1. Give the stretch B:145-188 a look and list any residue that's in a helix (DSSP H, G or I), loosely packed, with under 15 Cβ neighbours inside 10 Å and under 24 Å from the mean Cα position of the chain (by Cα), or say none.
2. Do any helices (runs of 4 or more DSSP H) entirely within the stretch B:235-310 hold 2 or more residues that are surrounded by 20 or more Cβ atoms within 10 Å (Cβ to Cβ) and away from every other protein chain (no Cβ under 12 Å), and if so, which?
3. Can you find a residue in the stretch A:138-154 that is surrounded by fewer than 21 Cβ atoms within 10 Å (Cβ to Cβ) and within 14 Å of chain B (Cβ to nearest Cβ)?
4. Out of (1) surrounded by 15 or more Cβ atoms within 10 Å (Cβ to Cβ); (2) over 24 Å from the mean Cα position of the chain (by Cα); (3) at pLDDT 95 or above, what's the single condition that is false for residue A:254?
5. Tell me the helices (runs of 4 or more DSSP H) entirely within the stretch A:106-220 that contain at least 1 residues that are closer than 26 Å to residue A:341 by Cα and modelled with pLDDT of 95 or more.
6. Tell me, which strands (runs of 3 or more DSSP E) wholly within the stretch A:232-286 include 3 or more residues that are over 20 Å from residue B:114 (Cβ atoms) and touching a strand residue (DSSP E or B) at 6+ places or on another chain (Cβ under 8 Å)?
7. Kindly evaluate residue A:309 against the criterion of being touching a helix residue (DSSP H, G or I) at 6+ places or on another chain (Cβ under 6 Å), at pLDDT 95 or above and either over 24 Å from residue A:184 (Cα atoms) or crowded, with 19+ Cβ neighbours inside 10 Å (or both).
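The values are calculated or read from the model by the stated rules, or taken from the named source; none is laboratory data. Note that the structure is a prediction, hence the values are computed from the model and not measured. So basically every Cβ, Gly included, is an ideal-geometry build from the backbone, and we count neighbours across all protein chains shown.
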């Protein structure tokens, strides 16, 4: 027994030494904190693509820690990165906000950037993307291509960001098909493939022939592939999980922003800013369109993309009418960013009831 | 239209309940022998990745299920050595096994995250599957669904009608008494634990090969824990495990249907999501409220190590 104990202790030491040697970093390192494993598609995968682009275009070294819980662990990881001298640190999940703000105060020479939050600091900037722009376009495709006029949406939690996506989707669909209706199922989890699949199956059995999701797995696209309906991916191009079903996906692109931020820091010109970018900055794009989408519609989608890029199209341009028939934004006006960030209702066309 | 909705709720209920039944019945056998293995979540995760990898490489889902089963057996063997031979604490070792399985499966599964499996087609039982409403739900299912029913029937027979089942229960009640009349307590506890592991592995295989044919880290999503809880709330009786698993699956599926419909029901979705847990606990507690039957069915020596005296 004694012998075993000693060997285990030795083994632990060796492992520890290995882990420590793996964490020696160059002076101008850039740190990334990820909330989930990188995986092969999804939120963190897209951030990691951005990190790789940053390495390639600027030559800086980067390091990341994946699967960091949104709690005390996050503070520890961010503090470690700052302590060892990372010049820029990107924290890519909402729940890191307060921890990053706290750490940023102890390291005034380090640039901190938080993704999707709302608190800024003297040396902490914000970035987010207008995911709803892509959602609007997929809604247009869904509205044109649906046979049953029933669309389905598997959603995680009723927060403004998710509601923006749902409402942009139905608004896009209704812009071309006033009969389109949207059914929404909340799974109360960002990540539970079994439940996401079950929700998709439920929507399909309730007549939905176009489904999409605001959760993290590819289960909804796979369910659509099996059931012979169409799906829109999210975060990443998910076409390989449903080559027939996957019409396109709203995809996120963080690389350009990362490159710009790091270059500014290197030049000494960086000041914390709040960026909410979409099509104009190239932060949102559609995945390649499936050939099942008629050529004429594809051309229209490309035209709408151009309008978004040139800021001629606003997905929440008035009239915006909520589920109860109340006008939220009158014709001729666009919804303000402030209103967008407080969205807590469904728009006309959603038949499910909002869950609180 | 009404009947087809009922049919599809029933169908989805059975699918959602199946992994819980397989895993919980396996745990029930181990617990009846007095071994409490809280590692089901980890064993399922290992079963899921093993089954996925083997199915992907061989193209044969049945080899995958076999691999999942063996992975579950291997995991439970580690546990059995620790708690039965080395007399380790069962609760702590089970928790460790859970953490180990979830972590190790994530590590092994890294290269498989981008892979997908073809769907395994259901087995349709002629004639019976044509019955209205229930036909499709009951008789046009994956093979492992039928397996879960056979497992249930076999288990009822084994526990209550066979001599071996009697011995198993005796060991769970009083290992020292069983030992004194000559039964190999440790060996039988090993077998029961390995059986529990095998079933957890098959339950994991069902998730990654049949239910959602993909591998992603953390895909078991707490189902192992639900299975363990089911055994306790069902007071160690197979039929109540079956009821509990379908109830859990049914309420989960039904709440999804309610959400997707245009019914005007104003319940917070968080509460709806908690509903399967609440409903299952409440119903099982009510049907098991008789303290005498609970005492009759709960294995007395559950979780306690037994050291045979010479």
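1. If the condition is that a residue be in a helix (DSSP H, G or I), loosely packed, with under 15 Cβ neighbours inside 10 Å and under 24 Å from the mean Cα position of the chain (by Cα), then B:150, B:153, B:154, B:157, B:160, B:161, B:164, B:166, B:187 are the ones that fit.
2. Qualifying helices (runs of 4 or more DSSP H): B:238-260, B:269-287.
3. yes
4. (2)
5. Because the criterion is at least 1 residues that are closer than 26 Å to residue A:341 by Cα and modelled with pLDDT of 95 or more, the helices (runs of 4 or more DSSP H) in the stretch A:106-220 that meet it are A:131-145, A:160-176.
6. Here the list reads A:274-277, A:284-286.
7. So residue A:309 fits the description; yes.
Here's the yes/no breakdown for (1) touching a helix residue (DSSP H, G or I) at 6+ places or on another chain (Cβ under 6 Å); (2) within 26 Å of residue B:174 (Cα to Cα); (3) at pLDDT 95 or above; (4) in a helix (DSSP H, G or I):
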residue	(1), (2), (3), (4)
B:12	yes, no, no, yes
B:20	yes, no, yes, yes
B:25	yes, yes, yes, yes
B:28	yes, yes, yes, yes
B:73	yes, yes, yes, yes
B:76	yes, yes, yes, yes
